[in-house]
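Presented below is the structure to which this report refers.
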Amino acid sequence: MTTNSRKELLDALRKRYCYANKKERIEILENLIQTTGYSRKHAITLLNNSQQTFDPKKKGRKNRLGLEAQEALIQIWHVSNKLCGKRLAPFVEEMCENLEIHGYLKISAAAKAEILSVSAATIDRTLKKERQRCQRSVSHTKRGPLVKNKVPIRTFTEWNDVAPGFFEIDTVSHSSIDTSRGFLSTLNMTDIATCWVIPIALLAVELLKFSTH
C-alpha cells in the first residue's frame, strides 16, 4: 500500500471515527490495522490526530548532535579503538580533552558541550553508519555452548572485588581481515586486579594444534 493510499484511507476514516460509537470505532480501527499494518497504538494516534500522517522519511529519532559534534565523536571513537557506546561514554570527556591538548582535535565550546552530555544510546545511533563503513576483523574462534553454560563470564564493570591472581585469558589473532597468509596470534593472560599482562606468541599453525588437543 503506497503512502498516498494510506493518507487517503486515513482521511476517509477519521471523520467516521470521530462521530462513531464504541463498537463502530473498534471496527474502523481493526479495518485500518489490517489494511495498513500499523500497530494498534499508532493507528489510534493517527485516527485521533487530523494533522499526523505517515511519512517513512520521518521515522526514527532525530540526532541531537550537530555536524561538528558528530565528526568529533567519530574521531574519538576511532582513537578509542572502536569501543561500543556503553564503554565509550564514561571516557568521552577525558579523550576529548586529551585530543584537544595535543592538537588532534579542534572543536567549538558548543559542540564540546553536546558531546559531553551525550548518552551511550546516542553514541551508538550516531556511529551506526560509520561502523557499517568500516571493515571488521575476522574472528577465528566461536563461543562454545559448554563454556558459555559452565564458566561464569564477567563484564568490565564487575571486577571491583577481585584480588591479584584472577586472570582473563583469550587468544588474539593479528591477521586483520586477511587470513590467506601466515600470521601470528597471542595467548593473552591478564591479571584483572593489577593489569599485569603475559602475552605468549603463537604461529597460526601452532594455535590450530593447541586448540585441537
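The values are calculated or read from the model by the stated rules, or taken from the named source; none is laboratory data. All of these numbers come straight from a predicted model, not from anything done at the bench. We place every Cβ from the backbone using ideal geometry, glycine too, and count neighbours over all the protein chains shown.
What the table shows:
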{"quantity": "Subset tally (residues that are part of a helix (DSSP H, G or I) and within 18 Å of Asn49 (Cβ to Cβ)) for segment 1-30", "calculated": "18"}
{"quantity": "Restricting segment 39-56 to residues that are under 15 Å from Glu8 (Cα atoms) and in a loop (DSSP other than H, G, I, E, B), the residue that is modelled with the highest pLDDT", "calculated": "Asn49"}
{"quantity": "Tabulated pairs, segment 14-25, first more than 13 Å from Ile44 (Cβ to Cβ) and modelled with pLDDT of 85 or more, second surrounded by 13 or more Cβ atoms within 10 Å (Cβ to Cβ) and of a type outside the set (A, V, I, L, M, F, W, C), C-beta under 8 angstrom, 6+ apart or interchain", "calculated": "Glu24/Arg16"}
{"quantity": "First in segment 80-98 and assigned by TED's automatic domain parsing to the domain that holds Leu127, second anywhere and surrounded by 14 or more Cβ atoms within 10 Å (Cβ to Cβ) and not in a helix (DSSP H, G or I), Cβ under 6 Å, 6 or more apart", "calculated": "Leu88/Ser80"}
